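The values are calculated or read from the model by the stated rules, or taken from the named source; none is laboratory data. Predicted model, so just to flag it, every value in this text is computed and none were measured. Counting neighbours? That spans all protein chains shown, and the Cβs are built from the backbone with ideal geometry, glycine included.
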Amino acid sequence: MKIRAAVLRQSPVLPPFSTSRPLSIEELDLDPPGHEEVLVRIAAAGLCHSDLSVINGDRPRPMPMALGHEASGVVEAVGPGVHDLAPGDHVVMSFVPSCGHCLPCAEGRPALCLPGAEANGKGVLLSGERRLVCDEVPVNHHLGISGFATHAVVSRHSAIRIDRDLPLTEAALFGCAVLTGVGAVVNTCGVRPGQSVAVVGLGGVGLAAVLGALASGAERVVAIDLAPEKLEVARQLGATDVFLASEEGVIDKIRETTSGGVDHALEMAGSTRAFDLAYRITRRGGTTATAGLANPVSQFAIPAVSLVAEERRVLGSYLGGCVPSRDIPRFIGLYRRGKLAVDRLLSSTGRLEEINEAFDLLHEGKVIRHVITFD
Ligand SMILES: [Zn+2]
Ligand SMILES: [Zn+2]
């Protein structure tokens, strides 16, 4: 079938994207779903900083690639071997397909699925196939989804069924921002009621972590960013303390306010400076977690003795350490009971044709989550 999709043909491309226009809206051929694959009509797809990292070259990926990894939609058709999804089902996509059989999957850590990571790196579906074609040349899939498109064929293991009465525009956010941000708090850090949490970097994932910390019963939630407007948003969401990262003496101020540092500090900006700040505001015996994807050549240094003498823990968090089939319904349940204000992360919606302009807004920090809607 013919679809319309946002295709990145080369990387890096630098902003302003309204002039450099990295994404072209193209008519592509989409092959029917193969074994254990489903055809999804995309309803909504969110713009994420990881998409920006593919465009600006921080995350090198095979080109050309149809972008988009945070999406929701409705199943239109299922391929052979799919018995647990049917046409009409509403789904949220998870950006790591999990095979269910490799060692990480067997250990209950599907975010680390080996065949899933290999397929994502190559720009293919879990089956090893590409279903997107332009003038008989295959187009790569982005993290098994390619959600900036009217339709997508994805692995059955990339799609999580959700309740049909949840608006699909909000549902899309659960696929990346919420899984990564809330998951880092509840799964990776295991925040307990009464603890203190700091979040460094307040994009969609960072603000989702703020929401996750509040839902976990954290007593202090400290929000830190370089942009004053982001601090204001965090405060409105319920952060108890906010700090400008560039403020003189910010580390001492945070340590003072939190009586020696926080129990859990989360780096959500993908920068080593943000990680350094997060490490320095973590208390003795505390945990510093990072879920921001830094450039592959970035390194960070920490005083080795502090790990031992202060019993520090440093943790990485991919996909929030989530089991998507368990956590997406769980987080949606929290949202519906008013305990996770995910709708407050949704800044604006727009058309596929205006995606380059929307990436400028994301790059300039003017939106938290901008969602492309199709109808
Ligand atoms: Zn993302
Ligand atoms: Zn696996």
Filter result for the condition that a residue is assigned to a loop (DSSP other than H, G, I, E, B), closer than 30 Å to D163 by Cα and in the same structural domain as E170 (by TED's automatic domain parsing), over P115, P87, P12, P62: P87
Strands (runs of 3 or more DSSP E) lying entirely in the range 214-324 (those with 1 or more residues that are touching a residue at least 60 places away in the same chain (Cβ under 8 Å), more than 24 Å from H49 (Cα to Cα) and over 20 Å from the mean Cα position of the chain (by Cα)): 262-267, 282-290
Looking only at the range 260-312, and only at residues there that are among the hydroxyl-bearing types (S, T, Y) and touching a strand residue (DSSP E or B) at 6+ places or on another chain (Cβ under 8 Å), the one that is nearest to D58 (Cα to Cα): T290
Filter result for the condition that a residue is modelled with pLDDT of 95 or more and within 19 Å of P193 (Cα to Cα), over L334, L319, L315: L334
Set D31, D51, D58: member being surrounded by fewer than 18 Cβ atoms within 10 Å (Cβ to Cβ) and either under 17 Å from F148 (Cβ atoms) or away from ligand 2 (no atom under 16 Å from the Cβ) (or both): D31
Residue match in the range 144-166 (condition: assigned to a helix (DSSP H, G or I), within 16 Å of ligand 1 (Cβ to nearest atom), in contact with a Cys (Cβ under 7 Å, 6 or more places away or on another chain) and not assigned by TED's automatic domain parsing to the domain that holds T188): no
L52 vs. criteria within 16 Å of ligand 1 (Cβ to nearest atom), outside any loop (DSSP other than H, G, I, E, B) and over 15 Å from L179 (Cβ atoms): yes
Single condition P97 does not satisfy, out of (1) in contact with a helix residue (DSSP H, G or I) (Cβ under 7 Å, 6 or more places away or on another chain); (2) part of a strand (DSSP E or B); (3) of a type outside the set (D, E); (4) within 16 Å of ligand 1 (Cβ to nearest atom): (2)
